[in-house]
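Below: one structure, written as structure tokens.
The values are calculated or read from the model by the stated rules, or taken from the named source; none is laboratory data. Computed from a predicted structure; not experimentally measured. No Cβ is skipped: glycine too gets one built from the backbone with ideal geometry, and neighbour counts run over all protein chains shown. All accessible areas refer to the heavy atoms of the entire protein, side chains included, with ligands and DNA or RNA removed. Shrake-Rupley method; radii C 1.70, N 1.55, O 1.52, S 1.80 Å.
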Amino acid sequence: MVPDPLSASGGELPLLTLRAAPLQTVAVPPAALAIAVVVLGSLLVAVVIVTVGYSLRAARRRRRRRPIRADLRPELLDRLYGRDEPGWSEWVGELSAAERDELESLLDVYLRELDGRDADRLAGLGVALGIDERARREVADGDYWDRIHALVWLALLRDAPDRSLLETHCRGTPRERAAAARVLYAAEVPDLATTGIDLLLEAEPRSFSVFGIDTLYRVSESDPAPLFDRAAADFETWEPALQQQVLLVTRHLHTVVGGADLSWVIGALSAPEPRVRAAAWRALDAYGWNRGLRDDIGIDPAADEPVPSVRASAYRTLGAWGDAEAVTALRTAAASEPDDRARVALAEALFPHRGPNDRVSARRDADGPADPFDVAWRWTSEHARFDGVARDISRRQPEGARR
């Protein structure tokens with residue numbers, strides 16, 4: 001019978017010398033190893049063969065189509081620029097399937113490079129090729145990639161389909177939402193702001209890519225009211241990443257805001273996420289003229305903010321406002337800001353508005369260290385001096401040297 005180690009010493013474990021169990025090795029049969037090597041080698045050879053074969057096929061296809069494209073390009077340019085009526089339908093009717101396919105590829109290239117009247121005229125070739133109708137069918141019946149490809153074509157052709165088609169089939173992902181709204185923007189539809197914001201932000205939206213943020217800005221640029229109305233109603237239900245993006249767009253819409261209700265932006269200053277609070281501060285950069293908004297924020301807005309990065313954003317906003325009240329708030333904060341990075345942001349915000357009393361007063365005696373804000377101020381001053389020297393050198397250089 002094996003004795004219980006706990007009972008042997010009154011419930012305490014005795015000191016034992018523990019030895020690591022030796023590693024056990026498993027012998028692999030040579031036949032299995034050989035089979036594995038053969039299988040892996042065969043797979044590698046197969047991949048190489050498929051890759052080389054595909055490359056050769058693509059190269060052969062390009063060589064075969066190069067003369068076709070060379071023949072089509074002069075005719076396309078002549079019809080676009082050399083005739084009163086291009087006659088796209090008649091020309092397309094004379095072409096083979098391979099020629100129409102290559103012409104569609106050429107059209108894709110030119111529509112991305114041209115704008116204005118030339119692009120509008122060239123869009124008629126897309127109609128003659130049936131691209132517009134095919135794109136509508138792919139939006140309605142295709143899979144994700146079919147819809148994205150179709151929406152790209154509709155944007156290039158500046159041809160907006162019925163709103164119901166986009167609203168029904170293009171809300172599955174942020175990328176589809178942005179692509180659908182971009183079609184409306186390219187087509188310059190009269191209700192762009194309202195319909196575009198509905199497509200982008202209605203029915204549980206998610207955060208966008210850079211393309212989506214840019215589309216949100218373009219849709220709202222001429223009329224930001226639908227965006228602000230949507231944010232006022234739904235902002236608190238959005239995920240923090242989307243809140244941050246909408247605040248970023250708001251920051252750049254100040255030229256057309258007028259007297260819009262921005263109370264939801266002020267509410268975002270108390271959001272749980274620090275990045276949202278920081279974005280809310282930066283969204284207020286250009287609204288220092290709005291007296292009512294500033295009264296709602298308060299004279300010392302960053303006093304109770306625990307996160308240094310958010311305080312830094314608040315300081316930059318006060319620096320952007322730049323009036324006497326904002327500068328006074330910055331000087332007050334300079335005496336108590338505990339974070340190094342926030343002090344640098346504060347100094348950078350205050351430096352353009354410096355007065356005769358805003359100068360470095362760091363103690364140079366051996367009994368104590370320099371004041372922390374004076375260190376940040378000295379760094380900012382030196383950085384500004386170096387930037388001024390670099391700009392002066394650039395202005396002195398001849399035009400050819402700058403290139």
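Structure notes:
- Heavy-atom SASA rank of Trp377, Trp289 (probe 1.4 Å, accessible area, largest first): Trp289, Trp377
- Charge dipole of the range 219-331 about the Cα centre (unit charges at C-beta), most positive-ward option of Ala233, Ser313, Ser220: Ser313
- Cα-derived Rg over Rh, computed across the range 209-267 with Rh taken as Kirkwood radius: 0.92
- Taking only the Cα atoms of the range 100-160, the radius of gyration and Dmax are 11.1, 33 Å.
- Ser336 - accessible surface, heavy atoms, 1.4 Å probe, Å² rounded to 10: 90 Å²
- A DSSP coil position with no more than 10 other Cβ atoms inside 10 Å describes the following GluC sites (Glu not before Pro) in the range 94-169: Glu94.
- A convex hull fitted to the Cα coordinates of the range 151-246 yields 84 cubic angstrom per residue.
- Hull volume in cubic angstrom per residue (convex hull over the Cα atoms of the range 69-118): 76 Å³
- Protein heavy-atom accessible surface, 1.4 Å probe, per residue over the range 141-209: 44 Å².
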